[in-house]
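Notes follow the structure.
The values are calculated or read from the model by the stated rules, or taken from the named source; none is laboratory data. All values reported here derive from a predicted model rather than from experimental measurement. Cβ placement follows ideal geometry from the backbone for every residue including glycine, while neighbour counts extend to all protein chains displayed.
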Amino acid sequence: MKSPGSIRWLRLAAGFIVLLMAARIFAMESEATAVERQSLDDAWWTGPIVAAGAGTLPQGHALIEPYLYDAIRYRRFDNDGNTQDVDRVHSYGSLTYLLYGVTDDFTIGAIPVFGFNDVSTGRDSSGIQVGDVTVQAQYRLSQFREGRRIPTTSLVLQETLPTGKYDRLGDRPSDGVGSGAYTTTIALYSQYYFWMPNGRILRTRLNFAYAFSGDASIEDVSVYGTDAGFRGDAQPGDVFTVNSAWEYSITRNWVFALDFIYQHDDTTRVTGTTATGGPVDYESGSAWRFGIAPAIEYNWNSRVGIIVGARWFAAGENTAATVTPVVAVNMVY
């Protein structure tokens, strides 16, 4: 198991590595002028597993990107960052980006989610469940131009609707795939291109997001750990996320992608009464997690590509340790 000291060193080392990579890339970009530089038109991209793109769609064009994944919970990080044994859970799911370019600078869309939980103890989900649906709007603030230092940046507003089942779960807590709360996310996305010493392109993304939720009214068994007969509310904590992504154009068709993810959750509070009228008032405690997501992309052309990889939360406190294999297809029309 990892000690608190080793967790802190892991966090510091990860941050130091990212800074060194950024510094080296800036230095290498100037060296790349001595060789033939790959053109932007010659580089085809699907996008990394986690970091969404800062670019908006051209007016009248659409993007469809379905994801399939298996979030495998195999351990848990306690409040000191040490790992503990837990029952293994496979949370199979899909989410699909459905985006449309209203203007060249403004894109709207929706992200429906479906899920199925396979648990090692208890009963599995009764069937494929509808999760919470997200709608979003993205406005582009600036556009990258080769030879300039200004990245593509966008402001993104998302609203997640509580369409997924989350309470009154009876003897199947595994049917719970929603939160029961409206969640608003405000994000700033950025994207930039570097040229490596061999002339190949390295595309980078840096995204910041902050999410806050309303209250969820709860009855009986729920995803918040309440039991039959419970009546009350949950107040989900705010969530702050930083995502840094790197994509290297190996060839026109093949791309290597790597995400770094840091996320911090404020405490979630549950209040109410039990079946016997006893008071309930407890908090989950704050949590954080750090993960990486390596992947490989293959692009048939500039409009269609596939990505295969996995997200691994390698460190954290008061959170699940998970590995999530992912496959997604990106299609632009």
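Do we have any residue at all in the stretch 270-289 that's under 20 Å from Leu95 (Cα atoms), out of contact with any His (no Cβ under 7 Å at 6 or more places or on another chain), touching a residue at least 40 places away in the same chain (Cβ under 8 Å) and not small (Gly, Ala, Ser)? Talk me through it step by step, then tell me what you get.
Of all residues in the stretch 270-289, those under 20 Å from Leu95 (Cα atoms) come to none.
No, the stretch 270-289 contains no residue that is under 20 Å from Leu95 (Cα atoms), out of contact with any His (no Cβ under 7 Å at 6 or more places or on another chain), touching a residue at least 40 places away in the same chain (Cβ under 8 Å) and not small (Gly, Ala, Ser).
Look through the stretch 194-217, keep the residues that are in contact with a Phe, Trp or Tyr (Cβ under 6 Å, 6 or more places away or on another chain) and assigned to a strand (DSSP E or B), and return whichever of them is surrounded by the fewest Cβ atoms within 10 Å (Cβ to Cβ).
The first filter runs over the stretch 194-217 and keeps only residues in contact with a Phe, Trp or Tyr (Cβ under 6 Å, 6 or more places away or on another chain), leaving 201-204, 207, 210, 214.
If we keep only those that are assigned to a strand (DSSP E or B) as well, we get 201-204, 207, 210.
Values: Ile201: 20, Leu202: 20, Arg203: 22, Thr204: 19, Asn207: 23, Tyr210: 13.
So, considering only residues that are in contact with a Phe, Trp or Tyr (Cβ under 6 Å, 6 or more places away or on another chain) and assigned to a strand (DSSP E or B), the one surrounded by the fewest Cβ atoms within 10 Å (Cβ to Cβ) is Tyr210.
Tell me which residues, restricted to the stretch 272-290, are under 26 Å from Tyr262 (Cβ atoms) and assigned to a strand (DSSP E or B).
Hits for the stretch 272-290 are Glu283, Ala287, Trp288, Arg289, Phe290.
Can you pull out the residues in the stretch 213-233 that are out of contact with any Asp or Glu (no Cβ under 7 Å at 6 or more places or on another chain) and among the small types (Gly, Ala, Ser)?
The answer is Ser213, Gly214, Gly225, Gly232.
Checking the structure you have, find out if any residue of the stretch 153-165 is basic (Lys, Arg) and either assigned to a strand (DSSP E or B) or touching a residue at least 40 places away in the same chain (Cβ under 8 Å) (or both). Let's see the steps before the verdict.
Applying the first criterion (basic (Lys, Arg)) to the stretch 153-165 yields 165.
Applying the additional criterion that residues be either assigned to a strand (DSSP E or B) or touching a residue at least 40 places away in the same chain (Cβ under 8 Å) (or both) yields none.
No.
So which of Asp171, Asp215 is modelled with pLDDT under 95, more than 22 Å from Thr46 (Cβ to Cβ) and acidic (Asp, Glu)?
After applying the criteria, what remains is Asp171.
Hey, Phe144 hits all of (1) within 28 Å of Asp233 (Cβ to Cβ); (2) crowded, with 17+ Cβ neighbours inside 10 Å; (3) touching a Pro at 6+ places or on another chain (Cβ under 9 Å); (4) not polar (S, T, N, Q) but one; which does it fall short on?
For Phe144, the exception is condition (1).
Within the stretch 105-119, does at least one residue satisfy the condition of being under 17 Å from the mean Cα position of the chain (by Cα), touching a residue at least 12 places away in the same chain (Cβ under 8 Å) and not in a strand (DSSP E or B)?
Taking every residue of the stretch 105-119 in turn, at least one turns out to be under 17 Å from the mean Cα position of the chain (by Cα), touching a residue at least 12 places away in the same chain (Cβ under 8 Å) and not in a strand (DSSP E or B).
Exactly one condition in (1) touching a Gly at 6+ places or on another chain (Cβ under 9 Å); (2) part of a strand (DSSP E or B); (3) under 20 Å from Gln59 (Cα atoms); (4) not basic (Lys, Arg) is not met by Phe144; state its number.
(2)
Which of the residues that make up the stretch 218-266 are assigned to a loop (DSSP other than H, G, I, E, B), surrounded by 15 or more Cβ atoms within 10 Å (Cβ to Cβ) and among the β-branched types (Val, Ile, Thr)?
Once the filter is applied, which keeps residues that are assigned to a loop (DSSP other than H, G, I, E, B), surrounded by 15 or more Cβ atoms within 10 Å (Cβ to Cβ) and among the β-branched types (Val, Ile, Thr), the stretch 218-266 yields Val221, Val223, Thr226.
Evaluate the following for Ala321: is it in contact with a helix residue (DSSP H, G or I) (Cβ under 6 Å, 6 or more places away or on another chain) and surrounded by 17 or more Cβ atoms within 10 Å (Cβ to Cβ)?
no
Residues that are among the acidic types (Asp, Glu) and within 30 Å of Arg149 (Cα to Cα): does the stretch 234-250 have at least one?
Going through the stretch 234-250, the residues among the acidic types (Asp, Glu) turn out to be 238, 247.
In the following step, the residues that additionally are within 30 Å of Arg149 (Cα to Cα) were identified as 247.
For the stretch 234-250, residues among the acidic types (Asp, Glu) and within 30 Å of Arg149 (Cα to Cα): present.
Cβ-Cβ under 7 Å, sequence separation 6+ or interchain: first residue in the stretch 121-134 and surrounded by fewer than 14 Cβ atoms within 10 Å (Cβ to Cβ), partner part of a strand (DSSP E or B) and at pLDDT 95 or above. Which pairs?
Ile128/Phe114; Ile128/Phe116
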